Amino acid sequence: MGAQLRVYKRRIQAVTATKKITKAMEMIAASRIVKAQRRVAASMPYATELTRAVTAVATGSTTKHALTTEVEAPTRAAVLLVTSDRGLAGGYSSNAIKAAERLRERLSDEGKEVDTYIVGRKGVAYYGFRERKVAESWTGFTDSPTYADAKMVAAPLIEAIQTETAEGGVDELHIVFTEFVSMMTQNPVDNRMLPLSLDKAAEDDGKKGEILPLFDFEPSAEDVLDALLPRYVESRIYNALLQAAASEHAARRRAMKSATDNAGDLIKSLSRLANAARQAEITQEISEIVGGASALADATAGSDK
């Protein structure tokens, strides 16, 4: 019985130590969410105005450009998947991967070949374990991305959209990331970045039906679109990375809180078991003492006779 009590005590100590770790990770994640939310909010005005500028150029000219012109029969698409570098965030990365898999199936059903680009070690590990081809991958910055990271990710995607499909280019550019809605809600989404849907862009910005002013373009509308293309892609990827980072911290905080609560429940359960084992041990010892005293009394009474 004493051995069983020692086992319970060791388990309680181990779970208590784990609870301290998960509580610390919960507090760290909670402190990082606020900063991540501020960065998301700060990036929105630039991305919104840049989209409006592209929309104005596209609607004010008849220029065919990769940024705004639909290909009649697209055959190749690029998908950028944003996951995390670290685990302990619940189903954050797995949900994003599932969304990317659904998008890949949909594009394949449409007859399009898919090139996959991945941000985050979890996505890289998923595709690597299944020996799937990845066009390019990046790791090491998912919890705190910078604009330089977004430019690095955007560079090969911009090159791919500007290259003819016969030479290895793509007709469409999609991005899959986890959208930050609130502390409790983060939704994996897939958005088509290029070609830009003007109606969708106006709807996202709350400006659908707005009459845009007329502009004169110098030297030409095509040159303006060429200049705006990398800025647009970089800003959209940067905003997606920031939202994904905020979602990752929120998911990790929620997962660590759940782990901390579960550890507390387990400690209570083990404490009850330990108390029951100690009470049983005390009861057994009392029974042994009483039995020994009774035997001793009987033996003494027999010798007196």
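The values are calculated or read from the model by the stated rules, or taken from the named source; none is laboratory data. Note that the structure is a prediction, hence the values are computed from the model and not measured. Every residue, glycine as well, gets a Cβ built from its backbone with ideal geometry; the counts of neighbours run over all protein chains shown. Surface areas here come from the heavy atoms of the whole protein model, side chains and all, with no ligands, DNA or RNA. Shrake-Rupley method; radii C 1.70, N 1.55, O 1.52, S 1.80 Å.
So here's what we get for this one:
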{"item": "Every residue from the range 1-40 that is open to solvent by less than 60 Å² (accessible area, probe 1.4 Å) and free of Cβ contacts under 8 Å to residues at least 24 places away in the same chain", "result": "ALA3, ALA14, ALA17, ALA24"}
{"item": "Those residues of the range 232-285 which are over 30 Å from VAL153 (Cβ atoms) and among the hydrophobic types (A, V, I, L, M, F, W, C), in sequence order", "result": "ALA259, ALA263, LEU266, ILE267, LEU270, LEU273, ALA274, ALA276, ALA277, ALA280, ILE282"}
{"item": "Scope the range 198-224; condition at pLDDT 75 or above and touching a helix residue (DSSP H, G or I) at 6+ places or on another chain (Cβ under 6 Å); matching residues", "result": "VAL224"}
{"item": "Matching residues in the range 242-255 - criterion: being open to solvent by less than 10 Å² (accessible area, probe 1.4 Å) and of a type outside the set (Ser, Thr, Tyr)", "result": "LEU242, ALA244, ALA245, ALA246, GLU248, HIS249, ALA250, ALA251, ARG252"}
{"item": "Matching option when the condition is open to solvent by 70 Å² or more (accessible area, probe 1.4 Å) and in a loop (DSSP other than H, G, I, E, B), among ARG106, ARG102, ARG132", "result": "ARG132"}
{"item": "Residues within the range 152-197 that are in a helix (DSSP H, G or I), open to solvent by less than 40 Å² (accessible area, probe 1.4 Å) and closer than 16 Å to ALA73 by Cα, tallied", "result": "1"}
{"item": "Count of the range 81-99 residues which are of a type outside the set (A, V, I, L, M) and not in a helix (DSSP H, G or I)", "result": "7"}
{"item": "One residue from GLU172, GLU164, GLU179 being free of Cβ contacts under 8 Å to residues at least 40 places away in the same chain and out of contact with any Phe, Trp or Tyr (no Cβ under 8 Å at 6 or more places or on another chain)", "result": "GLU164"}
